[in-house]
Amino acid sequence: MDSRVRGNDIRKIMTAFTSYFNDIYRAVSSAMIGMRITIKQMVSPTVTLQYPRVKKQMPDRVRNRLYMNFDDCIGCELCAKACPVDCIDIEVLKAPPTVDLGTTSTGQKKRIYVTKFDIDIAKCCYCGLCVYPCPTECLKMTDVYEFSEYDRHNLIYNFGTMTPNDVETARSKVKQYDEEQAAKKAAAAAQAAAAKAAASANPAPQAPSVPPAQNPESQKSSETPTT
Amino acid sequence: MENILLLLNDPIVLSVLLALIPLVFILVYALVVLYGEMKMAAHIQNRLAYMENGWHGTLQPFADMLKLLQKEDIIPDAADKFFFMLAPYLVFVGTYASFAVVPFSSEYVGSNIDLGIFYMVAVSSLVVVGLLMSGWASNNKWSLFGALRSAAQIVSYEIPGVLAILGVVMVLGTMNMQTMTQMQDGGIQNWLIFGGNFPLGQKLALIPFMFVLFVIYLLSSMAEVNRTPFDLPEAESELVQGYNTEYSGMKFAIFYLAEYANLFLVSAVVVIMFFGGWTSPFGSFMSGPVWSAFWFVFKGMAFVFLNIWLRWTLPRLRVDQLMYVSWKVLTPFALFSILAIGFIMVI
């Protein structure tokens, strides 16, 4: 019994000894492995891009700053309706058919004055949902991603090319056309009434004159609050 | 011109000028190492580090220095102002005073005293007092933790370190650092790490023990200068920089300067003890006062490089692991080596 206990003790001491030296060996060898790795990394080329001077190639179809080709806009407001954060602000004015606004590059005829086309890029969430509904493909997302500003009001991009003067002239044209239309209508109504009166012989009181219809379009545009 | 020569003849002026040499060296070296360490750290992590100021950011250390010089010197309200102000200077003085006995070249050693390495060990312990003082005077629990850790660490690692020095002193029979270097003169085969200038049998028997003592001194010196993997006193992640949390501006800069100067000091001691100090590895080729200064700085910088390399490789030890390494591994090995060296030298 004595010898067995002694044998156990010796074994315990031996395992303690071997584990002690094993620990030292493992510490030294793993430090060596680590140092070999770090020195290899040190001489290997760096991965840093000197950003403002060297830029990373952006992938195709990247969605960054919105670009809008105002010449192609037909004022359909589909983009503003699609926008989930309401960052597109459009004001339109229906042009009278007598005015020729030209055509878009896709050959569509422009019928509406776009008096205001603002995109608040600070609100934009870069979802790209406004791009797809556009019938003339005038909105697109570019790969420009550096457009910080000192004043956040500068982040509201005015794409509309109509000056306040242009808008005024457009309004007056619309008004004039409306008045002409109203006058024509009144004249036509009067004529019709007269004809009716003539047709229905004697009882011919004055036909109730139709009040000239207000142009709903112009009214709306003047009432929409400007932001 | 004659006036200047007359002034140089004055022993006081001359000794002041000679004492300024290590200070100038420390200042220049600190700038180089500040830049070198950041670059090495970055390249180990595949980054570039400073690139803006000067060619590859070489002017960055000067910019950093300028920033530290013009920074406001904040002293916390609750701090013990006198000791708070004193501590960084004490730390730096402890390090700078140790440079007095370091032989920079065959012709230049600040003070060629016979107790050289003993004096160095004694004076560099002043650093502990300074660190403890800064931690206590800051009146900040993290600073105090850092200072206490640093005191425990430096005191316990001084034992294997001093035992390793003792082994070398037993082999060379002198504590004068200039004499220690001269005894290893005559080429790379005479360096102590390769057995020193002894008969072949003794030389071969000494090599393994010299290597063990070298590793022990290297590890304990790393612990003494508070660098990773032994940087518990200033563990950024746990102690927000430990004892120098509350320091700013020039005082902080002086702590940094002292740390880097200490780093070179322990590297210099390793070089003097095991790698022949200022001696040329090619015997009499490329030796002389200027070449010897070059060799000394070159070898010292090589060990500074090794320190930085290790810093960016190994993670920090735990406190219990730290004590385990010191008391249960380094100290027994050092004692055993001293015993064996005693036998070898007697035989």
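Amide H neighbours of A:I112 under 5 Å, counting only residues 5+ apart in sequence or on other chains, H built in-plane at 1.01 Å?
A:A95
Which residue, B:I113, B:I74, B:I308, has the most motion in a Gaussian network model of chain B that connects Cα atoms within less than 10 Å?
Per the Cα network of chain B with a 10 Å cutoff, B:I74 tops the list.
Over all directions, the average projected area of the alpha-carbon convex hull for chain A comes to how many nm²?
31.0
As an exercise, identify the chymotrypsin sites (Phe, Trp or Tyr not before Pro) in the stretch B:227-302 lying in DSSP coil whose Cβ has no more than 15 other Cβ atoms within 10 Å.
Answer in residue order: B:F282, B:F285.
Would you tally the net charge around B:N139, using a Cβ to Cβ cut-off of less than 14 Å, leaving B:N139 out, and scoring K and R as +1, D and E as -1?
-1
Would you compute the Debye intensity of the protein assembly as shown from its alpha-carbon atoms alone, equal scatterers and no solvent, and pass along log10 I(q)/I(0) at q = 0.05, 0.11 Å⁻¹ to two decimals?
Evaluating at q = 0.05, 0.11 Å⁻¹ gives log10 I(q)/I(0) of -0.45, -1.07.
Quick one: net charge around B:A151, please, counting Lys, Arg +1 and Asp, Glu -1 for every other residue with C-beta under 12 Å from its C-beta.
Local charge sum for B:A151: -1.
Which value, in debye to the nearest 20, describes the size of the charge dipole of the stretch B:249-335 about its Cα centre when Lys and Arg Cβ atoms bear +1, Asp and Glu Cβ atoms bear -1, and nothing else is charged?
Once rounded to the nearest 20, the dipole reads 200 debye.
Work out from phi, with θ = phi - 60° and the Karplus expression 6.51 cos²θ - 1.76 cosθ + 1.60, the ³J(HN,Hα) of each residue of the stretch B:154-171, listed in order in whole Hz, and give x for Gly and Pro.
Going residue by residue, I get 5, 5, 6, 7, 5, 5, x, x, 5, 5, 5, 4, 4, x, 5, 5, 5, 5 Hz, with x marking Gly and Pro.
Which trypsin sites (Lys or Arg not before Pro) does the stretch B:249-347 hold that lie in a coil by DSSP with at most 12 other beta carbons within 10 Å?
B:R318
Give, as a single signed number, the net charge of other residues whose beta carbon lies under 13 Å from the beta carbon of B:A49, with Lys and Arg counted +1 and Asp and Glu -1.
Cβ neighbours under 13 Å give a net charge of -1.
In percent, what relative contact order does chain B have, based on Cα pairs under 8 Å that are 6 or more apart in sequence?
22
To the nearest 20 Debye, how big is the dipole of chain B about its Cα centre, given +1 on the beta carbon of each Lys and Arg and -1 on that of each Asp and Glu?
With only Lys, Arg, Asp and Glu charged at Cβ, the dipole is about 760 debye.
For chain A, with the dipole built from +1 on Lys and Arg beta-carbon atoms and -1 on Asp and Glu ones, taken about the Cα centre, which of A:T18, A:M32, A:C138 lies farthest toward the positive end?
The one lying farthest along the dipole's positive direction is A:T18.
Shape verdict for the stretch B:301-344, please, from the Cα gyration tensor: rounded (a/c under 1.5), prolate (a/b greater than b/c) or oblate.
Oblate, because a/c is 1.5 or more while a/b does not exceed b/c.
Residues of the stretch B:304-347 with the amide nitrogen closer than 19 Å to a label point 7 Å from the Cα of A:I13, along Cα-to-Cβ, please.
B:332-333, B:336
If contacts are Cα pairs under 8 angstrom and at least 6 residues apart, what is the relative contact order of chain A in percent?
Averaging sequence separation for qualifying contacts and normalising by length gives 19 percent for chain A.
Is it possible to state the helix-based mean residue ellipticity at 222 nm for chain A, with each DSSP H run of 4+ residues giving -39500 (n - 2.57), the sum divided by total residues, to the nearest 500 deg cm²/dmol? What is it?
Computed ellipticity for chain A at 222 nm equals -14000 deg cm²/dmol.
Let me make sure I get this right: for the stretch B:1-146, a, b and c are the square roots of the gyration tensor eigenvalues over alpha carbons, sorted descending. Under 1.5 in a/c it's rounded, otherwise prolate if a/b > b/c, else oblate. Which is it?
Taking the square roots of the gyration eigenvalues as a ≥ b ≥ c, the stretch B:1-146 is oblate.
Considering the options B:Q189, B:A87, A:Q176, tell which one lies farthest towards the positive end of the dipole of the protein assembly as shown, charges being +1 on Lys and Arg and -1 on Asp and Glu at the Cβ, about the Cα centre.
So the residue furthest toward the plus end is A:Q176.
Lys/Arg Cβ at +1, Asp/Glu Cβ at -1, dipole of the protein assembly as shown taken about the Cα centre: which of B:V129, B:V297, B:T331 is farthest positive-ward?
Of B:V129, B:V297, B:T331, it is B:T331.
For chain B, set up a GNM with springs between Cα atoms under 10 Å and report which of B:L163, B:L86, B:L14 has the largest fluctuation.
Greatest mean-square fluctuation among the candidates belongs to B:L14.
Relative to the longest principal Cα axis of chain A, at what angle does helix A:2-43 sit, 0 to 90 degrees, rounded to 10?
With rounding to tens, the tilt is 50 degrees.
Tell me, what ³J(HN,Hα) does each residue in the stretch B:77-90 have, in order and in whole Hz, if you take phi through Karplus 6.51 cos²θ - 1.76 cosθ + 1.60 with θ = phi - 60° and put x for Gly and Pro?
Values, residue by residue: 4, 7, 6, 7, 4, 4, 6, 4, 6, 6, 3, x, 5, 4 Hz.
With charges only on Cβ, +1 for K and R and -1 for D and E, what is the dipole size of the protein assembly as shown about its Cα centre, in debye, rounded to 20?
So the dipole magnitude of the protein assembly as shown works out to roughly 1800 debye.
When a/c reaches 1.5 or more, the comparison of a/b and b/c decides; with that in mind, is the stretch B:223-273 rounded, prolate or oblate per its Cα gyration tensor?
Because a/c hits 1.5 or more and a/b fails to exceed b/c, the stretch B:223-273 counts as oblate.
So, how do all the Cα-to-Cα distances of the stretch A:1-130 break down into 5 Å bins, in percent, from 0 on up?
Going from the shortest bin to the longest, the percentages are 2, 7, 9, 9, 8, 7, 6, 5, 4, 4, 4, 4, 4, 4, 4, 4, 4, 3, 3, 2, 2, 1, 0, 0, 0.
Among the lysines in chain B, how many pairs, 8 or more places apart or on different chains, have alpha carbons under 22 Å apart?
8
Check the straight Cα-Cα distances from A:K110 and name the lysines below 24 Å, setting aside those fewer than 8 residues away within the same chain.
A:K110 reaches A:K81, A:K94, A:K140, A:K173, A:K175, A:K220.
Tell me, what ³J(HN,Hα) does each residue in the stretch A:101-114 have, in order and in whole Hz, if you take phi through Karplus 6.51 cos²θ - 1.76 cosθ + 1.60 with θ = phi - 60° and put x for Gly and Pro?
For the stretch A:101-114, the Karplus-derived couplings read 9, x, 10, 7, 5, 8, x, 7, 7, 8, 10, 10, 6, 9 Hz, x marking Gly and Pro.
What per residue convex hull volume, in Å³, do the alpha-carbon atoms of chain B yield?
Per-residue hull volume (Cα only) is 162 Å³.
In whole angstrom, how far apart do the alpha carbon centroids of the stretch B:190-257 and the stretch A:85-120 sit?
Going from one Cα centre to the other spans 76 Å.
Could you work out how far the C-alpha centroid of the stretch B:1-29 sits from that of the stretch B:141-188, in angstrom?
Result: 29 Å between the Cα centres.
Counting only C-alpha contacts under 8 Å and six or more residues apart, can you give the relative contact order of the stretch B:239-347 as a whole percent?
Worked out over the stretch B:239-347, it gives 19 percent.
Here, each number is a calculation from the coordinates, and none is a lab measurement. Please read these numbers as outputs of a predicted model, since none were measured by experiment. No Cβ is skipped: glycine too gets one built from the backbone with ideal geometry, and neighbour counts run over all protein chains shown.
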